[in-house]
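Single-structure report; data block below.
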Amino acid sequence: CQELVERYRDLEQRVRRRQNPSGHTVRLGAIYSVGVHDLTQHVDRFRERVPGAGVDLKYMHPDEICERVLSDRFDLGLISFVSPRRELTAILWKRQPMVVTFPPTHRFVALASDRGGVRPSDLSQERFVAFDRELPVRREIDRFLRRHRVDVSITAEFDNIETIKQAVDEDAGIAILPEATLRQRQTLVQA
């Protein structure tokens, strides 16, 4: 009998939630490397669970996201390589593997197929397209390169993954990027 009453209450609550949409909007900031496709799936699931809720999503620089969370202009921020602060609570959402990116004519194509990958030592003296010095991801990549005693030749610095990918595509150098940002969806048509 107790189980039947609990199931009835659960059903009643679900019906009320559908009849009384929340009307709340979650203000969310995300860095550019958080894929739109990935995030859209989570937003859709949230909207299913909280009918009537809105999500106001903005992509921007990580420092701006932290500043907006701290000033209560965002409810939540998705950033990489967060530095712990007393005022912010950081929760690991997911790990994104970083990969070496290079044009299809680069010598690394043969190395990758022969060995199944590129070693850190292979990166020495390569022309390198980097993230802007102010970004946490750049500091982490620099630490990785120093730890492996790898010296690269920086040819360009950008704060935008799409611009880095374009520079690599135009043979300005190699780069280290989040693997998820390299999954291309060729669905656009041009005329």
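The condition (being more than 16 Å from the chain's Cα centre (by Cα) and in a helix (DSSP H, G or I)) is satisfied by just one residue among ARG133, ARG138, ARG143, ARG149: ARG143. Filtering ILE154, ILE141, ILE164 for residues that are under 14 Å from ILE176 (Cα atoms), open to solvent by 50 Å² or more (accessible area, probe 1.4 Å) and of a type in the set (Val, Ile, Thr) leaves a single hit, ILE154.
Say we look at region 1-40 and pick out the residues that are open to solvent by 100 Å² or more (accessible area, probe 1.4 Å), modelled with pLDDT under 80 and outside any loop (DSSP other than H, G, I, E, B); which of these is farthest from GLU134 (Cα to Cα)?
LEU4
For residues in region 83-116 being of a type in the set (Phe, Trp, Tyr) and outside any helix (DSSP H, G or I), which is least open to solvent (accessible area, probe 1.4 Å)? Spell out the reasoning first.
Keep residues of region 83-116 that are of a type in the set (Phe, Trp, Tyr), which gives 93, 102, 108.
Add one more test, that the residue is outside any helix (DSSP H, G or I), and what stays is 93, 102.
Details: TRP93: 110, PHE102: 54 Å².
So the residue we want is PHE102.
Across region 47-82, the number of residues qualifying as surrounded by 14 or more Cβ atoms within 10 Å (Cβ to Cβ) and part of a helix (DSSP H, G or I) comes to 8. Within region 117-128, none of the residues are in contact (Cβ under 8 Å) with a residue 60 or more places away in the chain, on the phi < 0 side of the Ramachandran plot, touching a helix residue (DSSP H, G or I) at 6+ places or on another chain (Cβ under 7 Å) and part of a loop (DSSP other than H, G, I, E, B).
Among the residues of region 154-183, those identified as under 17 Å from PRO103 (Cα atoms) and assigned to a strand (DSSP E or B) are ILE154, THR155, ALA156, ILE174, ALA175, ILE176, LEU177, PRO178. Within region 141-191, the residues that satisfy the criterion of being closer than 25 Å to PRO62 by Cα, hydroxyl-bearing (Ser, Thr, Tyr) and at pLDDT below 95 are THR163, THR181.
The values are calculated or read from the model by the stated rules, or taken from the named source; none is laboratory data. As the structure is a prediction and not an experimental result, all values here were calculated from the model. Cβ: placed from backbone, ideal geometry, glycine included. Neighbour counts: every protein chain shown. The accessibility values were calculated without ligands, DNA or RNA, using every heavy atom of the protein model including side chains. Shrake-Rupley method; radii C 1.70, N 1.55, O 1.52, S 1.80 Å.
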